[in-house]
Every structure is written in C-alpha cells, then in structure tokens.
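One structure is given here, and the rest of the page talks about it.
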C-alpha cells in the first residue's frame, strides 16, 4: 500500500472513530408550555412536574433551571426559579409554589452540561392562573312575578370564562355571567366558573338564595298610602306614607336595575322621608319598604335622569 493510500486510510479511520463524538453533541427539549391553577383565595397551587427530555449528549449530565421575574417590590425585587421549583438541579423538578399575583407567563430556562463539557439550552413557559370565587352567599327577596339579575363573584382567571348555573329553573341563560331569574318559589342558584385553561373556582360557586314574596307585584303597587314625588327624582323627592295604621319605623332598601343593593336605612315614624339625595347616578332603581316584621308593604320604581 503506497503512502498516499495509507494517508487516506488513516484519515478515514480518524473520521469514523470521531463520529460518536460528533453525534453526541448536547441537545435538550425543555418541554411544552405548562398551565397551572392557583387558588386566588388560599394561594394553593396545582403541583406538577416539568417535562424536559435529553435528546443528545453523553451522560452523566448536570442541570440548571433559571427564571427571573422583576416584581417591582422593594422587599423582593426579583424572584428566581428557586421560588417556584422544589430543586433547580433536576431535569424534571416539581412546580410547587407561586408568589406571582397576575396571570402572565414566566419563562424558565434549562441549561444542560454533558460529560464532555458540551452545553445546550432550551426554555419553556409556565402560565399561572390565579382563580377563585369569593365565598359570598347572597340573599335577595322578590315579589311573585318579578325577575332579578344574579351574578358571579369571581377573582382573576384567564379569560374567556365559562359559566354553568344550576338549577335550570326560570333562568334566562345558564351559560352567561349575569342571567335573570324569576322563580315562583324560594330557590337557591349556584354557579361553577371555569377559565380558558381549565381552572375551576375552588369554592362550589356563588350561591344566590332568592326568597319569593307570595304577594304579587300588582297587589303591592296598589298600596295607595305610599307616594313618591317627584319621580323622575331630584334632590327634593320624598316618600310620603299616609297610613294611620303605620305607627312604627319602616325599613327602606334601594336596588339598582341589576338587583344590587345601593342603600339601606330606617324611615322614622314622621312618615315623610327625603330620598332624592340618596341616588347620584342616572338610571332605573327600585325601592322596598318593610315593616318591623320584614313584611314588604310597598315597592316601586325610581327613575334618575339628571
């Protein structure tokens, strides 16, 4: 074999002997983006494992997870991966905590070093959904034949949100945030809200208990002893109670057209009560008068135009 052939053969051997090292360049996949649910009330997080994998490289490997989030706080200006993961030196650590107060994604970067000193880097995003329902159990009273708007009390979540009200009884739409209901018996309505990544409010939902007064709206409006004037209301509008049989303090409640209370007070036995200065914004309102036993003695509509 002449020298030229020997030289070529030598290069050929060297090339193929180094192929394993060429193929063993470090390569890592940090995994798909992760979505996790955090209870906005308790701060409890859905624990989960990051799903990174090694594609190429010579073991053993070392791992380093990093993240930097600027909070803007003086006491804790920057938070890092160690605030979220149980161990930043594992390939697949557990996501066990979050101190973020919003729903923005946070980037986690994984650096892998193989046995030859080769490094490879990849990153993944973690989206934290802070989501929950306030434990507010609301009660309203309506007259037979009336309707009222009910609503959910939900904090944060990643929109769009979906709603499921129960029961499906005398309700305008069980899938919207603010349906109208007109029960003819005392009824409790409950809602479960789910955000766009599948997080569900931790409390069962917002429970509305609607008590139905058996006296019809028509009958109540015919209480001629109670007058309100002028209406549409202005700063001089009064409620006048001209009934000799009513010699006790009367409770008054004012609601907006969504059924939310805006004012409560007691009308003393002087019979006349200035109500015009209790409502500031234009709109349609309703007042309810109750006697000492809680019985409704009058209700009517108020209109504020200027």
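Throughout, read-outs are computed from the coordinates displayed, never taken from laboratory work. Computed from a predicted model, the values in this text were never measured in an experiment. Neighbour counts are summed over all protein chains in view; Cβ atoms, including those assigned to glycine, are modelled from backbone coordinates with ideal geometry.
May I ask you to sort 199, 120 by Cβ crowding, counting other Cβ atoms within 10 Å and putting the fewest first?
The fewest-first ordering by Cβ neighbours comes to 120, 199.
Among 98, 293, 162, the ranking by other beta carbons within 10 Å of each residue's beta carbon, starting with the fewest, stands as 293, 162, 98.
Only Cα pairs under 8 Å and at least 6 apart count here; give the relative contact order of the range 155-214 as a rounded whole percent. Can you show the working numbers first?
Numbers: 102 pairs, mean separation 20.3, N = 60.
With pairs under 8 Å counted, the relative contact order is 34 percent.
Can you bin the range 134-216 into rounded, prolate or oblate? Criterion: square roots of the alpha carbon gyration tensor eigenvalues sorted a ≥ b ≥ c, rounded for a/c under 1.5, prolate for a/b above b/c, oblate for the rest. Provide the component values of the computation, followed by the final result.
Details: a/c = 2.92, a/b = 2.16, b/c = 1.36.
It is prolate, given that a/c is not under 1.5 and a/b is the larger ratio.
When 295, 306 are sorted by how many other C-beta atoms sit within 10 angstrom of their C-beta, beginning with the fewest, the order is 306, 295.
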